[in-house]
1. So Ala85 fits all but one of (1) part of a loop (DSSP other than H, G, I, E, B); (2) out of contact with any Gly (no Cβ under 9 Å at 6 or more places or on another chain); what number is the exception?
2. Residue check: is Ala85 within 16 Å of the ligand (Cβ to nearest atom), small (Gly, Ala, Ser) and within 17 Å of Tyr32 (Cα to Cα)?
3. State the number of residues belonging to the stretch 37-61 that are free of Cβ contacts under 8 Å to residues at least 12 places away in the same chain and either in a loop (DSSP other than H, G, I, E, B) or among the hydrophobic types (A, V, I, L, M, F, W, C) (or both).
4. Here's a check for you: in the stretch 122-132, which residue that is assigned to a loop (DSSP other than H, G, I, E, B) and in contact with an Asp or Glu (Cβ under 9 Å, 6 or more places away or on another chain) is nearest to Tyr94 (Cα to Cα)?
5. Could you please let me know if Ser98 is assigned to a loop (DSSP other than H, G, I, E, B), among the hydroxyl-bearing types (Ser, Thr, Tyr), within 16 Å of the ligand (Cβ to nearest atom) and at pLDDT 95 or above?
6. For Gln78, only one of the following conditions fails: (1) among the polar types (S, T, N, Q); (2) buried (at least 16 other Cβ atoms within 10 Å of the Cβ); (3) at pLDDT 95 or above. What is its number?
7. Within 12 Å of the ligand (Cβ to nearest atom) and touching a residue at least 40 places away in the same chain (Cβ under 8 Å): is that true of Asn123 in this structure?
8. For the stretch 18-36, which residues satisfy the criterion of being in a loop (DSSP other than H, G, I, E, B) and closer than 20 Å to Trp96 by Cα?
Amino acid sequence: MNFILLIGCLLFSSASGRCPDGFVTFGLSCYYFSHDVGTWIGSQVACNQAFFPTKANLVEINDQEENHFLYQQAKATQKDYWVGASDLQIAGMYRWLSGKVVSASSSHWIPGQPSRGPEHCMNILQGVSTSNCWNDAPCNSLYYFICETPAN
Ligand SMILES: [Ca+2]
């Protein structure tokens, strides 16, 4: 009897869950908001490995709605998070991990950011008043991080 209940639960959870445990659904993606901090590279490694066999990456922000969702989550958790863009390849040219260039027209930098210098990795800061929340920070700084993987 318990076995049958267990099977039923497994079937139900796999049929109803579009995102892995611990991930939040928004649009066509699943997001994981970390409870630990890491460097920018360490965070990407964690996104790749932590949820095996679910492979995720640091989040790529593709539109205003997605950015607003992430900003609201950061506000709610009162944490600053790494996201998946850097200018480590070419200083001054921010790219997402997919290689897509962060276009000036669809960016959400905090006024005055990116401040550059030794800062080459992008994070979102929750302590700002609008969803223009992007900042550049030293890649070895420790922040929480957001992983993204496609929803099933
Ligand atoms: Ca900065």
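The values are calculated or read from the model by the stated rules, or taken from the named source; none is laboratory data. Keep in mind that what you see is a predicted model, and the values were worked out from it rather than measured. Note that each Cβ is placed from the backbone with ideal geometry, even for glycine, and that neighbours are counted across all protein chains shown.
1. If we test Ala85 against (1) part of a loop (DSSP other than H, G, I, E, B); (2) out of contact with any Gly (no Cβ under 9 Å at 6 or more places or on another chain), just (1) comes out false.
2. Judged against the criteria, Ala85 is a match.
3. Final tally of qualifying residues: 3.
4. Going through the qualifying residues, I end up with Leu125.
5. No: the conditions fail for Ser98.
6. (2)
7. yes
8. Gly27, Leu28, Ser34
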